[in-house]
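What follows is a short report on a single structure.
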Amino acid sequence: MLLYFVMTLSSHSKTIEVCSDCEVRSIKQAVDLADSGDTIMIQEGRYQESNIILKVPRVVLIGKGKVIIDANKENQAIIVFRAPNVVIKNIVIKNVPFSSTEELAAINILYSSRYTIENVVIDSTFFGILIEQSDSGVIRGCTISSGSSIDVYEATIGNGIHLWKSNYALIENNDITNMRDGIYFEFVSNSVIRGNYSYGNKRYGLHFMFSNDDVYENNRFEGNGAGVAVMFSKNISMHSNVFSNNWGMNSYGLLLKEIYDSEIKHNVFVHNTTAIHIEGSTRIIYEENDLIENGWAVNFIGGSYDNFFYHNNFMGNTFDVAYFGRVNNNRFEENYWNKYTGYDLDRDGFGDVPYRPVDLFTYMVNEIPETIVLLRSFFVQILNFAEQVVPVLTPADIYDPKPLMQKWKWSDS
C-alpha cells in the first residue's frame, strides 16, 4: 500500500520547462503553475525577475546551462515561504538592492524545513542567503559576493550566509567574499559549518551569537576585517580550520567571548594581529594547534577559568601569551615554544626548567601600549633576562612545567 502511494505521488509530479521559446517563459509563471513534487527546469538565459515566491512544498528549481536571475535592483530574488523540502540548484542571482529597512536577500527561506541550496552563484547583492526559522537545511557549493568595491561601508552590505533561529543546518564548501560577515549564526544549534572559504569580508569571516552544540571544521578564514568571532555560546567544536592574515588594531584570528565547554583542536593560526583573544571563556581545551608568526598568540582578558593548553606549537610569535587579571586555574602543559632556551639533561623530550610565556616586555606593552616601539631593542632583551632571573612583575602562576623540546606532531584524531 505504501509503495502504491509513493508511485501515485511520483506519477502526478511534472516538469515545467522555462525558456524564451517555451510555453512558460518566466520563472514566476512556472512557480504559479507548480504543484507539490514538481520540477521547474530553467533553460539557459537571463531572466529579469524578482520577488519569486515559492509556497508549494517539494518543488525543485533547477537551472540547465548558465541561468541568470537578474533582480534588477528591485527586490529579493527568490523567497521560499512555508514550503518544506524545496531544492534550488545551478543558478546565478544578481543585482539584489540595498535597503536600510529590510534584509533583502538573493534567496530568503522562511518557516520552511529541509531546504537544499546547491551550486548557486550570487553576485551584486545585499544579503546572500538568509534563513529564518527554518530547520534541517543544506547550503552547499555556493559562491557569494556583494560585488561592492573595497571602500564600501560594512553597514551598506549584508551577510553572505545568515541563519537566525534555524537549527540542524549544514553549511558546506561555500566560497564567500566581500560581504559584511561571511557566515553569521544567531540562535542556531546542532549545526555544522564545514569546508568553507570565507575571505576578504568587511567584518567577520564567521560570526557566532547564542548558538550551542555546533561544529565548524576544515574551513579557511583569511584576510577578514576583524577575523572570526564566537560569542555567548557553549559546546562548540572548532577543528582543523585555518585563520590567517587577519591584521588590524581590532582584528583576531579567533575572538572568544563568553564561550563555555568547547574544544579547539588541529587549527592553524598564522599571520594574525592576535591569534586567539579570550574573554570570559571557561572550560575550553586548546589541543594540537599551530600558532605561527602572529603578533599575540594568546591574549587573555579576565574572567576566564579552567582553560587547558596542551600539545600546541608556539612558533615565531611576537608575544606568546598576554594576560590581564588572575590566572583562574588556566593551565599550559607540554606545549612547544620556539623561544624556550632551557635544557633537557635527562633526554625525556621535556625541558628541565619551566617556560614562562609572559615576559616583562609583554607586561609593559599591556600596561603602556606605546612601549611597543622598543620591540626587539637590546634594552628589552636585558629587561626580559633580568625578569627571568628574578621575577617581580610577570605573573608567576603562568608557566608550562613541561615544555616540549621539539615541535609536537599532531595526532590523526
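The values are calculated or read from the model by the stated rules, or taken from the named source; none is laboratory data. Values in this document were obtained by computation on a predicted structure and should not be read as measured data. Reconstructed Cβ throughout: ideal geometry from the backbone, glycine too, with neighbour counts over all protein chains shown.
Brief remarks on what is shown
- Checked against the criterion of being within 15 Å of HIS162 (Cβ to Cβ), in the same structural domain as SER198 (by TED's automatic domain parsing) and touching a Gly at 6+ places or on another chain (Cβ under 7 Å), the candidates ILE122, ILE139 yield just one match: ILE122.
- Of the criteria (1) under 12 Å from the mean Cα position of the chain (by Cα); (2) of a type in the set (S, T, N, Q); (3) buried (at least 18 other Cβ atoms within 10 Å of the Cβ), which one ASN218 fails: (3)
- Residue that is surrounded by the fewest Cβ atoms within 10 Å (Cβ to Cβ) [pool: residues in segment 235-255 that are of a type outside the set (A, V, I, L, M) and under 27 Å from ASP412 (Cβ atoms)]: SER237
- Of PHE269, PHE309, all but one fail to be of a type in the set (A, V, I, L, M, F, W, C) and out of contact with any Ser or Thr (no Cβ under 9 Å at 6 or more places or on another chain); the exception is PHE309.
- Annotation note: of LEU110, LEU61, the sole residue that is over 25 Å from the mean Cα position of the chain (by Cα) and among the hydrophobic types (A, V, I, L, M, F, W, C) is LEU61.
- Taking segment 1-119 and the strands (runs of 3 or more DSSP E) fully enclosed by it, the elements with 1 or more residues that are modelled with pLDDT of 95 or more and touching a His at 6+ places or on another chain (Cβ under 8 Å) are at 105-110.
- Conditions (1) in contact with a Lys or Arg (Cβ under 8 Å, 6 or more places away or on another chain); (2) buried (at least 24 other Cβ atoms within 10 Å of the Cβ): number failed by LEU170: (2)
- PHE208 vs. criteria within 22 Å of SER304 (Cα to Cα), surrounded by 21 or more Cβ atoms within 10 Å (Cβ to Cβ) and either of a type in the set (Gly, Ala, Ser) or not assigned by TED's automatic domain parsing to the domain that holds GLY303 (or both): yes
- Being within 28 Å of ARG203 (Cα to Cα), buried (at least 16 other Cβ atoms within 10 Å of the Cβ) and in contact (Cβ under 8 Å) with a residue 12 or more places away in the chain is a property that ASN272 has.
- Assessment of segment 311-323 against the conditions (at pLDDT below 95 and within 23 Å of ASN235 (Cα to Cα)) yields no matching residue.
- Counting residues in segment 225-232 that are of a type in the set (Val, Ile, Thr), out of contact with any helix residue (DSSP H, G or I) (no Cβ under 9 Å at 6 or more places or on another chain) and either surrounded by fewer than 24 Cβ atoms within 10 Å (Cβ to Cβ) or more than 19 Å from ASN159 (Cβ to Cβ) (or both) gives zero.
- Residue selected from segment 303-319 under the condition under 24 Å from the mean Cα position of the chain (by Cα) and within 14 Å of ILE398 (Cβ to Cβ), by the criterion surrounded by the fewest Cβ atoms within 10 Å (Cβ to Cβ): PHE308
- Restricting attention to segment 203-224 and to residues that are assigned to a strand (DSSP E or B) and hydrophobic (A, V, I, L, M, F, W, C), the residue that is farthest from SER281 (Cα to Cα) turns out to be PHE221.
- Restricting segment 18-31 to residues that are within 17 Å of ILE88 (Cβ to Cβ) and not β-branched (Val, Ile, Thr), the residue that is surrounded by the most Cβ atoms within 10 Å (Cβ to Cβ) is ALA30.
- Looking only at segment 324-340, and only at residues there that are at positive phi and at pLDDT below 95, the one that is surrounded by the fewest Cβ atoms within 10 Å (Cβ to Cβ): GLY325
- Single unsatisfied condition, MET238 versus (1) in a loop (DSSP other than H, G, I, E, B); (2) assigned by TED's automatic domain parsing to the domain that holds GLY295: (1)
- Of the criteria (1) outside the structural domain of GLY137 (by TED's automatic domain parsing); (2) part of a loop (DSSP other than H, G, I, E, B); (3) of a type outside the set (A, V, I, L, M), which one PHE232 fails: (2)
- Of the residues screened, GLU186 is one that is surrounded by fewer than 19 Cβ atoms within 10 Å (Cβ to Cβ), within 19 Å of LEU130 (Cβ to Cβ) and assigned by TED's automatic domain parsing to the domain that holds ASN159.
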